[in-house]
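Data block below; observations after.
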């Protein structure tokens, strides 16, 4: 099943916030992304219905296994692409913004090749 870019961004944001502070609520996502609370609530409902997140009685969000897999894939892509673009001389802010766009459209094959190339660069340094 193809997941939308916005859903990938939400899942990645949940993962990042969980790493940062442990527990995540919809309001935390709204604050992080500067989105309205109603927009985030609708998105969380859709992610819950799609089986990517669970929401407990206190409103805390947890990634399901499938949601976590997508979030980790996006986070890995974002991190590697940002670092790579920065090493190429792109300023950090632009590199992060570009990585955020690229991470959703790059194929698994191309990302694997890029990851392998970057790993080779690190060893050669």
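Between residue 64 and residue 39, what FRET efficiency follows from the Cβ-Cβ distance if R0 is 25 Å, with the result rounded to 0.05? The partial results should precede the final answer.
On the way: r = 21 Å, r/R0 = 0.86.
In this case the efficiency is close to 0.70.
Using Cα atoms only, what is the angle between the long axis of helix 92-105 and the major principal axis of the chain, expressed in degrees (0 to 90) to the nearest 10?
70
If one takes the longest principal axis of the Cα atoms in the chain, at what angle in degrees, from 0 to 90 and to the nearest 10, does the Cα axis of helix 108-124 lie?
Roughly 50 degrees between the two axes.
Relative contact order of the chain: what whole-number percent is it, with Cα pairs under 8 angstrom and at least 6 residues apart?
Values: 110 pairs, mean separation 27.6, N = 125.
Relative contact order here is 22 percent.
Taking springs between alpha-carbon atoms closer than 10 angstrom, which of 113, 30, 57 fluctuates most in the Gaussian network model of the chain?
Looking only at 113, 30, 57, the largest GNM fluctuation is found for 57.
Which of rounded, prolate or oblate describes the range 74-124 when judged by the alpha-carbon gyration tensor and an a/c cut-off of 1.5?
Taking the square roots of the gyration eigenvalues as a ≥ b ≥ c, the range 74-124 is oblate.
Enter the angle in degrees (range 0 to 90, nearest 10) between the Cα long axis of helix 37-49 and the first principal axis of the Cα atoms of the chain, meaning the one along which they spread out most.
Computed tilt is about 90 degrees.
Tell me, in nm to one decimal, what length is gained between residue 31 and residue 55 on full extension, where the rule is 0.36 nm per residue of separation less the Cα-Cα distance?
Length difference between fully extended and current span is 6.8 nm.
Rounded to the nearest 0.05, what FRET efficiency is calculated for residue 107 and residue 83 with R0 set to 30 Å and r the Cβ-Cβ distance?
0.95
Which of rounded, prolate, oblate describes the range 5-69, given a ≥ b ≥ c as roots of the alpha-carbon gyration tensor eigenvalues and a/c under 1.5 marking rounded, otherwise prolate only if a/b is larger than b/c?
Taking the square roots of the gyration eigenvalues as a ≥ b ≥ c, the range 5-69 is rounded.
Taking the structure as given and computing Rg and Dmax of the Cα atoms in Å, which label from (1) 17.4, 68; (2) 15.7, 51; (3) 19.1, 67 fits?
(2)
The numbers here are math on the coordinates, done by the rules we state, and not lab data. The model shown is predicted, which means the values in this text are computed figures rather than measured ones. Don't worry about glycine lacking a Cβ; one is built from the backbone with ideal geometry, like all the others, and counts go over all protein chains shown.
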